[in-house]
Amino acid sequence: MSFHGGLPFSVTASQENSGNGESADRANQIGNPFAGVNHSIVNGSVQWFNTAAFADPALGTYGTSGRGAYRNPGFSDVDLSVFKNTKITERLTLQLRAEMFNLFNRINLAPAGQPSTSDLGGTIGSTFGTYFGAPGIGPGEPFNTQLAAKIIF
């Protein structure tokens, strides 16, 4: 079993207005970022927060939203392995295995990526495994089963 809450993220402005040269200015929060957002999958992506709740700060100023003030989706995975050892001879054993990954078939969404006040910000378009380079078989991917037989000598 593996469970953890979502990692924090900051919402950044679509452009640098502070003039500090870092290009990582946080946005001003002007509304509820989760108003009207239901986290359901639509056309292959999930709207995680409402970008209309944020605005770029004025020239020469910093944004008012907090650093790491918002949370990405959490992760939940239950794997199950069942195996049976059968003696064939004194030195030879046959092991039969059935392994099930993501037993309850929970969708584990990737982090929100680079959240920003632009139209592309606030959406999640992949699962945890795809995000980390292992689509279909990585952590948190859809339910998978593997059957195996192993001879131990």
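Of note:
- Subset of region 11-28 [closer than 13 Å to G122 by Cβ and modelled with pLDDT of 85 or more]: V11, A27
- Selection within region 5-23 - more than 22 Å from the chain's Cα centre (by Cα) and over 16 Å from N50 (Cα atoms): Q15, E16, N17, S18, G19, N20, G21, E22, S23
- Just one of (1) at pLDDT below 85; (2) crowded, with 16+ Cβ neighbours inside 10 Å fails for D119. It is (2).
- Test: residue in region 124-145 that is in a strand (DSSP E or B) and under 19 Å from V46 (Cα atoms): yes
- Picking from residues in region 51-109 that are among the charged types (D, E, K, R) and assigned to a loop (DSSP other than H, G, I, E, B), the one that is surrounded by the fewest Cβ atoms within 10 Å (Cβ to Cβ) is E90.
- Matching residues in region 57-98 - criterion: being among the aliphatic types (A, V, I, L, M) and over 26 Å from P8 (Cα atoms): L59, L80, V82, I88, L92, L94, L96, A98
- Filter pass, V42 being of a type in the set (A, V, I, L, M, F, W, C), exposed (fewer than 12 other Cβ atoms within 10 Å of the Cβ) and either within 20 Å of T130 (Cα to Cα) or at pLDDT below 85 (or both): yes
The values are calculated or read from the model by the stated rules, or taken from the named source; none is laboratory data. This is a predicted model, so every value here is computed, not measured. So basically every Cβ, Gly included, is an ideal-geometry build from the backbone, and we count neighbours across all protein chains shown.
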